[in-house]
Amino acid sequence: MTFHAIGLMSGTSLDGLDICFARFEKEGLSWNFEIIKAETLPYPSAWEEKLRHSIHLSAEQLLELHSEYGFYLGKAANTFIKKHRIEHIDLIASHGHTVFHQPKRKFTLQIGDGRAVKLETGLPVIYDFRSQDVLMGGNGAPLVPIGDQLLFSKYDACLNLGGFSNISLNNKGQRIAFDIAPVNIVLNLLAKSLGKNFDENGDLARSGNIDKELLVQLNGLSFYRQPHPKSLGIEWCNEHIFPLFENIEIPDALATFTEHIAVQIADVFNKYGLKDVLFTGGGTYNHYLTEKIKSLTTTEIVIPGTQIIEYKEALIFALMGVLRLNNEINVLSSSTGSSHDHSSGVIA
């Protein structure tokens, strides 16, 4: 069985919309894939502002943005399809953009109405992958472990360094996964206060000094002692992270928070005795961060080609759409904490 699918992914760090067109082939129980075309469309400043401030909108304004962003996604998909002269597509899988994520209160919200994407493109669209899991008692995250298991099982673990760092690994025959710590959602915001979109290569952090007292505070946050499965959202950062930076120079805050991320990630590698870990996500380009992690563990860090670094999440959401269309399991309860494995996503 062969499927051609587009995955649309908008990360919490707001660097842009990732679009990945891939071919998936199922042989027996195993899946093969090929990324045929992929690109990131940076958000126009107006859209970046809309998405960044969406958490503060009234209910009416948020519903309006949900529809508006759905049409935006549909138009972006059409532009991508036309540009690359793509003819055969079985489906579009759209992650949407996360505004709220509070699984303990039984809700999560990814805006970008999939029905609007379908109206724009005329293609089957699968969207809202997280809500069902949250209603079933899960965290609604991380979802990518199903793709790690089906496409990248040759590595002991897969680590994504995006807005947040999350890991997926096999532990005693079960694929477990959880968020480790915030990454770009904090680093990018700190860099913006110095007029930069992000801390390129980690150079700003490298120029700062680690504040040992702040580092102890960060490493002492109760989230890090909680058992998996567990996940993070912007609300948690607003409450627990950003208030700690009030009286510190930005380069020192970057240096300290980068050290904090490295400590938390290395602790997980060492706890599970991981031999090798595949690194993906924009944070992989932060050389200072990867150096810090390497200095704290003997685990081999595997850095793949650019396509996998940048588009693995969009690729896996495309696969999740294929699995949903075939009513196959695409969410693992061992990763999210829901009551059982299930096939999630609304089909438009």
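The values are calculated or read from the model by the stated rules, or taken from the named source; none is laboratory data. Keep in mind it's a predicted model, so treat the numbers as computed, not measured. Every residue, glycine as well, gets a Cβ built from its backbone with ideal geometry; the counts of neighbours run over all protein chains shown. Accessible surface areas use protein heavy atoms only, side chains included; no ligands, DNA or RNA. Shrake-Rupley method; radii C 1.70, N 1.55, O 1.52, S 1.80 Å.
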A student asked for the Cα radius of gyration and Dmax of segment 176-228 in angstrom ought to give 13.5, 38
per DSSP, antiparallel bridges as share of beta bridges in the chain, % nearest 5, sits at 75
Run the quick spin-label model on residue 75 and residue 174: label points 7 Å from Cα toward the beta carbon, then report their separation in nm to one decimal.
4.6
Under 18 Å by backbone N from the virtual spin label 7 Å along Cα-to-Cβ at residue 300, the residues of segment 146-163 are 152-159
Under the 0.36 nm per residue contour assumption, what length would be gained going from the current alpha-carbon distance of residue 34 and residue 239 to full extension?
69.7 nm
Semi-axes a, b, c in Å (a largest) for segment 30-108, each sqrt of 5 times a Cα gyration tensor eigenvalue, come to 28, 18, 11
For the chain, what is the charge dipole size about the Cα centre, in debye to the nearest 20, if Lys and Arg each add +1 at the Cβ and Asp and Glu each add -1 at the Cβ?
640
Which value, to two decimals, describes the C-alpha radius of gyration of segment 64-214 once divided by 2.2 N^0.38 Å?
1.27
Taking each pair of different alpha-carbon atoms in segment 226-280 once, compute 1/r for the pair, average those values, and report the inverse of that mean as the Kirkwood hydrodynamic radius in Å to one decimal.
13.5
Candidates 165, 333, 67: whichever shows maximal mean-square fluctuation once the chain is modelled as a Gaussian network with Cα springs under 10 Å:
67
Residues of type lysines that residue 212 reaches as a straight line, Cα spacing below 16 Å, ignoring anything fewer than 8 places off in the same chain:
292
Please list 331, 302 in order of solvent-accessible area, largest first, computed with a 1.4 Å probe with all protein chains present.
302, 331
So what are the three principal axis dimensions of segment 1-134 from its Cα atoms, in whole Å, longest to shortest?
46, 34, 26
At 1.4 Å probe size, with no ligands or nucleic acids counted, give the accessible surface of residue 51 in Å², nearest ten.
10
One finds, for residue 45 and residue 85 with R0 = 30 angstrom and r their Cβ-Cβ distance, a FRET efficiency to the nearest 0.05 of 0.50
For segment 100-189 the translational diffusion coefficient, Stokes-Einstein from a Kirkwood Rh over Cα pairs at 20 °C and viscosity 1.002 mPa s, in µm²/s, is roughly 143
I need the per residue convex hull volume for segment 274-348, using only the alpha carbons, in cubic angstrom as a whole number.
127
Give the total of Lys-Lys pairs in segment 19-113 with Cα-Cα distances below 19 Å; include a pair only if its members are 8 or more places apart or on different chains.
5
Ranking by accessible area, most exposed first, for 121, 12, 336 with a 1.4 Å probe:
12, 121, 336
Gain on full stretching of the segment that runs from residue 192 to residue 341 - 0.36 nm per residue minus C-alpha separation:
49.6 nm
Would you mind working out the magnitude of the charge dipole of segment 170-284 relative to its Cα centre, with +1 at each Lys and Arg C-beta and -1 at each Asp and Glu C-beta, to the nearest 20 Debye?
620
Alpha-carbon centroids, segment 126-180 and segment 224-241: separation in whole Å
16
Spelling out what I want: for every residue of segment 62-74, take phi, set θ = phi - 60°, compute 6.51 cos²θ - 1.76 cosθ + 1.60 (Karplus), and round to whole Hz; glycine and proline get x.
5, 5, 5, 5, 3, 6, 4, 5, x, 5, 4, 4, x
Counting only residues 5 or more places away or on other chains, whose amide H sits under 5 Å from the amide H of residue 93 once H atoms are built in the peptide plane?
6, 7, 8, 126
